[in-house]
Amino acid sequence: MSGVLSGIAVSGMGCISGAGADLVEHELCVAGTPSTCASVPEWLFGTKLTFPVFMARQDPLGPVARQIMASNTYGLTEDNVHRTVLLALEAAVQALEHAGLDLADLRQRKVGICLGTTVGCGFNAEPYYAAWRQDERPDLDPVLRYFHANISSTVQALLGLHGPVAVVTNACASGTDAIGLAKGWLETGRCNIALAGGADGMSRIALNGFASLMLTDSQPCRPYDVSRKGLNLGEGAGIVCLEGTDDVVNRGGRCLGYVRGYGAGSDAYHPTAPHPKGRGMVTAISKALSAADTAIHDISFINGHGTGTSANDGAETTAIAAVFGAYQVPLISTKPLTGHTLGAAGGLEAIFTLSALNKGRVKGSVRCQDIDPAFLYQPLPAGEEVALAGKIGISQSLAFGGGNGCLVLEGGIHD
């Protein structure tokens with residue numbers, strides 16, 4: 001590993017999910033404050049499915065984000081934008097505040113916004129489509145709302161910023177890939193600062209889809225456990241503020257961590273199931289380590305995708321074993337705290353990873369009591385907590401369609 005730290009720094013982090021309304025509450029959840037895994041609330045949508053989910057608070061906007069929404073000149077309101085936009089806006093505002101960046105100053109700079117999503121805002125008009133199927137002629141408001149379905153450009157407009165924007169839709173690896181893409185923007189000078197991560201609101205279509213694939217658990221999920229029966233869906237947003245390290249230092253900011261490397265790889269195997277040997281994940285991890293100029297012995301822990309499905313957990317541990325061999329570091333999943341937040345997962349889990357690296361300790365996956373003996377790589381079980389041997393870790397994501405993404409992250413200065 002190179003001795004001098006430079007490159008892309010994380011100067012701020014913002015998050016909202018079933019684990020809490022901000023970074024402090026997420027860290028308390030890791031420490032032991034329980035998150036809520038319950039039936040879909042009636043205020044969101046009706047469903048006959050009883051699979052539990054992890055929901056963010058009903059009103060996702062804090063005071064600053066609410067004021068930004070109320071003062072916009074685009075006619076956007078909390079009622080006419082999708083919940084995914086609200087979650088993304090709240091996390092973005094938190095990240096900027098955490099970084100100590102002022103919106104008025106940022107409007108004079110080039111700020112990129114790169115967000116991953118899967119549900120996005122495309123499923124926000126079910127009544128409209130249902131009415132058309134009944135040969136009715138519904139109001140066109142849902143169609144107009146669809147034009148604001150690009151969460152990155154909508155957040156950019158609400159914040160009054162300018163710079164490159166992109167939405168990454170690579171299923172459950174979207175948030176991880178978005179951070180990797182934004183890192184490239186900064187390295188090539190496309191922008192001075194970037195907001196990157198992911199956001200997804202709870203969707204009836206997604207819930208029905210995962211249930212139809214028989215991938216959901218009727219109980220709170222337990223990744224890597226031999227008795228695991230599937231995942232729980234969640235919603236939320238996790239967004240980091242990325243800057244050049246020198247820029248953070250020169251303005252008197254704090255480097256909370258660093259994005260050292262990013263890699264991606266495709267299974268090219270099945271529309272939904274991962275390759276049994278984690279072929280694409282092996283490629284993604286290897287590329288990320290190479291890009292970070294980092295050896296496996298520099299890695300102190302792995303925040304896995306860890307959904308709790310039989311196929312995912314088996315493929316993921318097989319892939320890790322293929323890269324790490326006999327070298328063992330703690331492997332955990334944070335999805336028992338948030339559920340599977342789809343496109344938001346990579347952003348949230350990058351934040352969880354940096355938080356653990358900065359604290360120097362990591363706990364085993366909640367509810368992972370009896371590790372599957374078939375795994376070639378053994379995760380850290382529930383109830384165990386270990387000190388980390390270093391400041392570098394991995395956050396990785398596997399996705400439907402065979403997409404895989406991996407970030408090599410390094411801890412920095414903590415609050």
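Roughly how big is segment 8-411's charge dipole about its Cα centre, with Cβ charges of +1 (Lys, Arg) and -1 (Asp, Glu), in debye to the nearest 20? Walk me through the numbers on the way to the answer.
Working: 28 positive and 36 negative charges, 85 e Å.
Computed charge dipole of segment 8-411: roughly 420 debye.
Which order do the peptides 129-136, 15-22, 334-341 come out in when sorted by mean C-beta neighbours inside 10 angstrom, highest first?
Numbers: 129-136: 9.8, 15-22: 26.0, 334-341: 28.0.
Sorting 129-136, 15-22, 334-341 by mean packing, highest first, produces 334-341, 15-22, 129-136.
Would you mind pulling out the separation of the Cα centroids of segment 350-373 and segment 229-265, in Å?
Their Cα centres are 17 Å away from one another.
Per residue of the chain, what 222 nm ellipticity follows from adding -39500 (n - 2.57) for every DSSP H run with n ≥ 4, rounded to the nearest 500? Let's see the in-between values first.
Values: 14 runs with 138 residues, N = 415.
Using -39500 (n - 2.57) per qualifying helix, the result is -9500 deg cm²/dmol.
State the three equivalent ellipsoid semi-axes of the chain, derived from the C-alpha gyration tensor as the square roots of 5 times its eigenvalues, in descending order and whole Å.
Values: eigenvalues 185, 148, 67 Å².
Value: 30, 27, 18 Å, ordered largest first.
Residues with beta-carbon under 15 Å from that of K335, excluding K335: net charge, scoring Lys, Arg +1 and Asp, Glu -1?
Details: positive: R222, R228, K229, K363, R367; negative: D200, D217, D225, E235, D313, E316, E349.
With Lys, Arg at +1 and Asp, Glu at -1, the net is -2.
Could you work out, for segment 140-203, what percent of all Cα-Cα pairs fall into each 5 Å distance bin, beginning at 0 Å and stopping at the bin that holds the largest distance?
4, 16, 23, 24, 18, 10, 4, 2, 0
Taking amide H positions as placed 1.01 Å from N in the peptide plane, with prolines and chain starts having none, which residues 5 or more places from A56, or on another chain, fall under 5 Å of its amide H?
G18, E235
So what's the net charge close to N232: Lys and Arg +1, Asp and Glu -1, counting the other residues with Cβ under 12 Å from its Cβ?
Details: positive: R222, R228, K229, K335, R367; negative: D217, E235.
That works out to +3.
Evaluate the relative contact order of the chain (contact order divided by residue number), counting alpha-carbon pairs under 8 angstrom at least 6 apart; express in whole percent. Could you put the intermediate results ahead of the total?
On the way: 1085 pairs, mean separation 91.3, N = 415.
Contact order relative to length: 22 percent.
Only loop residues by DSSP count here, and only those with at most 14 other Cβ atoms within 10 Å; note down the chymotrypsin sites (Phe, Trp or Tyr not before Pro) in segment 11-61 that meet that. Each step should come with its number before you reach the end.
Details: sites: W43, F45, F54; in loops: W43, F45.
Hits after loop and neighbour filter: W43, F45.
Kindly rank 346-354, 377-385 from highest to lowest mean number of other beta carbons found within 10 Å of each residue.
Numbers: 346-354: 30.2, 377-385: 17.2.
Order by mean packing, descending: 346-354, 377-385.
Between beta-carbons, use under 9 Å as the cut-off and find the net charge around R260, counting Lys and Arg +1, Asp and Glu -1. Intermediate values should be presented prior to the final figure.
Values: positive: none; negative: D293, E410.
Overall, the nearby charge balance is -2.
Rank V111, T73, G160 by how far each Cα sits towards the positive end of the charge dipole of the chain (+1 on Lys, Arg Cβ; -1 on Asp, Glu Cβ) and give me just the farthest.
Of the listed residues, the answer is V111.
Do any of K277/K363; K335/K363; K335/K391; K183/K287; K363/K391; K110/K183 go past 20 Å between their Cα atoms, and which? List each step's numbers first, then the result.
Numbers: K277/K363 26 Å; K335/K363 13 Å; K335/K391 22 Å; K183/K287 15 Å; K363/K391 15 Å; K110/K183 14 Å.
Pairs exceeding 20 Å: K277/K363; K335/K391.
For segment 1-126, what class follows from the C-alpha gyration tensor (a ≥ b ≥ c being the square roots of its eigenvalues): rounded when a/c is under 1.5, otherwise prolate if a/b is larger than b/c, else oblate? Please list the in-between numbers first.
Values: a/c = 2.01, a/b = 1.29, b/c = 1.56.
Taking the square roots of the gyration eigenvalues as a ≥ b ≥ c, segment 1-126 is oblate.
Would you work out the Kirkwood radius for segment 310-392? I mean one over the mean of 1/r across all pairs of different Cα atoms, in Å.
Numbers: mean 1/r = 0.0735 Å⁻¹.
When all Cα pairs of segment 310-392 are included, the Kirkwood radius is 13.6 Å.
Only bridges with both residues in the chain count here: give the DSSP antiparallel percent, nearest 5.
Around 70 percent antiparallel, to the nearest 5.
When ranked by the protection proxy of mean other Cβ atoms within 10 Å per residue, highest first, what sequence do the peptides 364-372, 197-205 form? Could the numbers behind the result be given before it?
Numbers: 364-372: 20.6, 197-205: 28.8.
Put in order of decreasing packing, that is 197-205, 364-372.
Read-outs throughout are calculated quantities, based only on the coordinates presented, and are distinct from any laboratory measurement. This one's a predicted model, so the numbers in the text were calculated from it and none came from an experiment. So basically every Cβ, Gly included, is an ideal-geometry build from the backbone, and we count neighbours across all protein chains shown.
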